[in-house]
Amino acid sequence: MSVHEDIRRLTAPDIRARKGGEPIVCLTSYHAHTARILDAYCDVILVGDSLGMVMHGLETTVPVTLDMMILQGRAVMRGSKRALVIVDLPFGSYEASKEQAFASAARVLKETGCGAVKLEGGRRMAETIAFLVERGVPVMGHVGLTPQAINAIGSFRAQGREESDWAPIEADARAVADAGAFALVLEAIAEPLGRRITAEVQIPTIGIGASVACDGQILVLEDMLGLSPRVPKFVKRFGDLGPAIEQAVKTYAEQVRARSFPGPENIYPMRTKKTQG
Ligand code: KIV
């Protein structure tokens, strides 16, 4: 008899339908084991290109490749069953043309089995978003602070802290929504602007350093667990895993050096032969 576990994964339309409803819980994950833990509590697991910094120690997300995203996307899909898994399109994999974006998105969907892609940029990406959506690729947008543009913007500073700066960010958010994205990340923008965009656009907004009024929130898992050495102001540390990991590693090193690990419970004795009477 085969046992079929009837767990349906959330889809982009499910998330789209949550506009104005119960807050959408999102976190990043790049591994099967953390994805398994998140899956019970999160609506969305984002395989973010922040993996460049978190997993690889890079300074920015710019060097991250499509192959890196696909590898970790597959791991997260294996570890999760219920959450919508979204994979970031990395810098250089979608900006050149809408055809390039479709080819990259198609690889991500086919090779990982995830349910949607995310890309950065507002008005300049609207045509591409519409092109992808028309061809069956659910797209999450990302405006405000867009880390892939770090070389052009110069720093990871919050956006829209002067009211005179709001108009282009609002125009970006509207363009992404009008192009057919199913949700929109608002990163590091002034709180009243996050609130205003959330009220203005018809798709769920997912805040990271935006506003509690957003339709959902996202953080980088390692940041909120206290594992990242430097974190932006918008990160709240919900855990402090660094000292716990250090203590475990220290104890392991001590026990290896003292030859008290492995103990009898961690080794394989020889099988005892049954004597025939
Ligand atoms: O790459 C990432 O982790 C992200 C989130 C911070 C939204 O894009």
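The values are calculated or read from the model by the stated rules, or taken from the named source; none is laboratory data. Worth saying up front: this structure is predicted, and the values here are computed from it rather than measured. Ideal geometry is used to build each Cβ from the backbone, glycine not excepted, and the neighbour counts take in all protein chains shown. Each accessible area value is taken on the protein alone, full model and side chains, heavy atoms only, with ligands, DNA and RNA left out. Shrake-Rupley method; radii C 1.70, N 1.55, O 1.52, S 1.80 Å.
Summary of values
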item: 0 to 90° range, to nearest 10: angle between helix 166-178 axis and the chain longest Cα axis; result: 70 degrees
item: For peptides 139-151, 225-237, sequence by mean Cβ density within 10 Å, most packed first; result: 139-151, 225-237
item: For the chain, accessible area per residue (1.4 Å probe, heavy atoms of protein chains only), Å²; result: 55 Å²
item: Along principal axes, Cα extents of the chain, largest first, whole Å; result: 88, 47, 36
item: Angle in degrees between helix 98-112 and the longest Cα principal axis of the chain, rounded to the nearest 10; result: 20 degrees
item: Projected label distance in nm at LEU241 and ALA258, using a 7 Å step from Cα toward the beta-carbon; result: 2.7 nm
item: Local electrostatic count at GLN202 - Lys and Arg +1, Asp and Glu -1, tallied over other residues with Cβ under 10 Å; result: +1
item: Accessible surface of the chain [probe 1.4 Å, protein heavy atoms]: carbon and sulfur percent; result: 56 percent
item: Per-residue SASA entry for GLU191, accessible area with 1.4 Å probe, Å² rounded to 10; result: 70 Å²
item: Most fluctuating residue given options TYR30, TYR41, TYR252, as computed from a GNM of the chain linking Cα atoms under 10 Å; result: TYR252
item: Unit charges at the beta carbon, dipole of the chain: most positive-side option, GLY154, PRO90, GLY122; result: PRO90
item: Cross-link pairs LYS110/LYS233; LYS98/LYS233; LYS19/LYS98; LYS19/LYS81; LYS98/LYS236 - those with Cα-Cα distance over 29 Å; result: LYS110/LYS233; LYS98/LYS233; LYS98/LYS236
item: Residue-wise HN-Hα coupling along segment 132-146, computed from phi with Karplus coefficients 6.51, -1.76, 1.60 (Hz; x: Gly, Pro); result: 5, 4, 4, 9, x, 10, x, 10, 9, x, 7, 10, x, 6, 10
item: Of all DSSP beta bridges in the chain, antiparallel share, percent nearest 5; result: 5 percent
item: Solvent accessible area, Å² - HIS56, 1.4 Å probe, full protein context; result: 100 Å²
item: Angle in degrees between helix 241-257 and the longest Cα principal axis of the chain, rounded to the nearest 10; result: 30 degrees
